[in-house]
Structure formats: C-alpha cells, structure tokens
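K.L.:
Attaching a single structure in structure tokens format; questions to follow.
FYI, it's all coordinate maths here, none of it is from the lab. Bear in mind that the values here come from a model prediction, so they are computed numbers and not experimental data. Positions of Cβ are backbone-derived with ideal geometry, glycine not excepted, and every protein chain shown enters the neighbour counts.
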Amino acid sequence: MWMEVVVACSVSLAEGIAAELVLEVSAASGGVQIRKNQVVFWVQPEDMAATLSEVENCLTKLAALGWDTGPERVSAGSGAPEEEWRDAWKKYFHVTRLTRQIVVVPSWEEYEAMAVDLPIHLDPGQAFGTGAHASTQLVLTSMQAMADSGYVPEMVFDLGTGSGILAIAAAKFWPQCTIVATDIDPLSISATLENAANNKVEEQIEVSTTDLSLVEGQFPLILANLQAHILRGLVHDLLPRLAAGGDLLLSGILHAQIQPLVDFFCSEGNLELVSITNSELNPDWSSAHLRESGQLQVAE
C-alpha cells in the first residue's frame, strides 16, 4: 500500500510546483502527477512524516519567492495499491489543440488530423509536459509564429525538456533541424526518447542529462521553459550557448517576475528584448523572446 501526498494549488501553478517538488523533495524525485488543482505523488506510509516536512519547506521557499502557496497546502491523502495510481492521471489528459498546427494526442486516444496539423503523440509518463500548462503554450505559440514567418533554425536547444514536447514540436516545425534536449531528471530522458520515437523524429533529437555547463556548441534557437529563479541561476551557463543573433525563448515565469528577469538577462549578456507575451490562457504566466544583438534575424 502506498499513500498520497497532496499539494493543493491553483491550476496555473500546478506544473511549476510539481517541478519544484521533484527537485526539492526526495520522495517526489521519481515523478508526480498533476490533477488540475492538485499535485500528487506517492510514498510508503513510514516515509510520510519526513516527506510532509520536506514538502512544507519547499512550499515555504516558493511562497517567499512570491508564489501563491505555503506549507498549509500539503496534506496526506488516501492509500492505494501501486497498480491503481500509476495510470490515474490519464483521465485528466485529452486531445488538445495548442497552436494553429500543433495538436497534442495522448497515446491512448485517437485523432484524425487535418492537412495543416502537426500532431504530437504524447505519453508524458511521470515527466512534465502535456502542453496544457500556459507556460508551455506560450513557447509553442512563439515557435508557431516564428515558423509562420519563415524562420528556419539549423539547430535548437531545449533546456529542461520534460516529456520532450517542445523538442518534438521543433522537429515537426523544422524537419531539417537538429534538436539537442537536456534534463536533470532521468525519467524525462526516458519519456522524451519514447515520445520522439512514437512521433518518428528520434533521429532529429539528441537527448541526455548532460549538465548545461558541458553542452557543446551554440544554437540559433534556445527554448527554456523553467522557473524564474532557476533561469537566474543558469544564466552564466545558458547565454554562452546562444549563437550570435540567436533567439532565446524564456517561459515558466510568473507575470510579476517577467520584467525583472528580462532586465537581469539583458544586463548579463548582449541581448535585446523582442517581445514579452502574457498568456491568454492564464494571466498569471508570461514569456519573453530575447535575441543576441550581434545581428538581427526575422522578427515576430
């Protein structure tokens, strides 16, 4: 028997809180489930007390950063055999159109694509990234606009790939490009490899747990859908990966944090702001499009 650990939250913050729990809470490192306004993972009963304490500490830290959460949001839930909870999250994930062309199709559902569609067949498993979160949709919308404008990068770097949804979208938008995708979570690597194969783009995508500081080369397009404080901590390793004139899409950022983050990135590198976009899906979230100012490329 396993026991639920439940963190109540707004739908808009669920994916961000889930990512933090995986990083900060030992029992959550094997993966979590997002159920609309809850983040759930499972522990053995004897580990519950220590796990609740870790979660409370994590939520306290996020609250100090301005997130609408706190230690009072965590509770112990019901118990169930492992085979019952492994697939419970599937009932919350259905066929979803995310952009003019990108349609996410769960592996257990069917969809008859229109001629213009670029369907992504996805089974996120315990990794992040069904595409339902506003921050993911912001990146996909920017990618769609760039593709529609005629922008064609030779290489794309996807930092924190999760389920691989952004890397796979890049492969769909730009069939001739190479995508390098990294994540610190081995579950994400497994999910990305499986999803890339299911979408027949595995030859375009190189995926690994390589540390950002060790990633080789420079990229004309970088996708970084991560929390603001994580992006701040990675800036000195991230900016050297951006090619001259290259485009950097930052997302996973609360609206109140977007302008300070943009100012910080511009102060740390040779960058100019192309645009800040606020989510139409959820106004709590925003993204930024920055460009290395050595040369101008296609503007959105």
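K.L.:
Please list the non-local residues whose amide H lies under 5 Å from the amide H of Gly245, H modeled 1.01 Å from N, same-chain partners needing a gap of 5 or more.
P.N.:
Glu292, Ser293, Gly294, Gln295
K.L.:
How far apart, in nanometres, would the label points at Asp47 and Ser275 be if each is projected 7 angstrom from Cα along the Cα-to-Cβ direction?
P.N.:
4.4 nm
K.L.:
Treat the stretch 94-292 as a sphere of radius equal to its Kirkwood radius over Cα pairs and apply Stokes-Einstein at 10 °C in a medium of 1.306 mPa s; give the translational diffusion coefficient in µm²/s, rounded to a whole number.
P.N.:
96 µm²/s
K.L.:
Could you work out the relative contact order of the stretch 193-300, using alpha carbon pairs under 8 angstrom and six or more residues apart, expressed as a whole percent?
P.N.:
25 percent
K.L.:
What is the dipole size for the stretch 94-292, taken about its Cα centre, with +1 at each Lys and Arg Cβ and -1 at each Asp and Glu Cβ, in debye to the nearest 20?
P.N.:
Roughly 320 debye for the stretch 94-292.
K.L.:
To continue, here is another question. About the Cα centre of the stretch 2-89, how large is the charge dipole given +1 on each Lys and Arg Cβ and -1 on each Asp and Glu Cβ? Please answer in debye to the nearest 20.
P.N.:
Approximately 280 debye in magnitude.
K.L.:
For the stretch 94-292, what does the relative contact order come out to in percent, with C-alpha contacts under 8 Å and a separation of six or more?
P.N.:
Result for the stretch 94-292 is 18 percent.
K.L.:
Would you be so kind as to identify which of His229, Val274, His133 lies farthest towards the positive end of the dipole of the stretch 94-292, taking Lys and Arg as +1 and Asp and Glu as -1 on Cβ and the Cα centre as origin?
P.N.:
Of the options given, the answer is Val274.
K.L.:
If you filter the stretch 227-300 for trypsin sites (Lys or Arg not before Pro), then keep DSSP loop positions with at most 15 other Cβ within 10 Å, what is left?
P.N.:
Answer by residue number: there is no such site.
K.L.:
A follow-up question, please. Please go through the stretch 197-278 and write out the GluC sites (Glu not before Pro) that DSSP classes as loop and that have at most 15 other C-beta atoms within 10 Å.
P.N.:
Of the GluC sites (Glu not before Pro), the ones in loops of the stretch 197-278 whose Cβ has at most 15 other Cβ atoms within 10 Å are Glu203, Glu216.
K.L.:
A further question follows. Mind listing the long-range amide H neighbours of Trp2? Cut-off is under 5 Å, sequence gap 5 or more, other chains count too, H placed in the peptide plane at 1.01 Å from N.
P.N.:
Residues meeting the amide H criterion: Ala80, Glu82.
K.L.:
Taking +1 at the Cβ of each Lys and Arg and -1 at the Cβ of each Asp and Glu, which of Trp174, Met3, Ser163 sits farthest along the dipole of the chain towards its positive end, judged by Cα position relative to the Cα centre?
P.N.:
In the chain, that residue is Trp174.
K.L.:
Still on this structure, I have one more. Of Val39, Thr96, Pro106, which is farthest along the charge dipole of the chain in the positive direction, counting Lys and Arg as +1 and Asp and Glu as -1 at C-beta?
P.N.:
Of the listed residues, the answer is Thr96.
K.L.:
Can I ask one more? What value, in deg cm²/dmol to 500, does the helix sum -39500 (n - 2.57) over DSSP H runs of n ≥ 4 give at 222 nm once divided by the residues of the chain?
P.N.:
Here the helix-only value at 222 nm equals -9500 deg cm²/dmol.
K.L.:
Can you give me the long-range amide H partners of Val207? Hydrogens built in the peptide plane at 1.01 Å from N, cutoff under 5 Å, separation of 5 or more residues or another chain.
P.N.:
Placed amide hydrogens put Ala181 under 5 Å from Val207.
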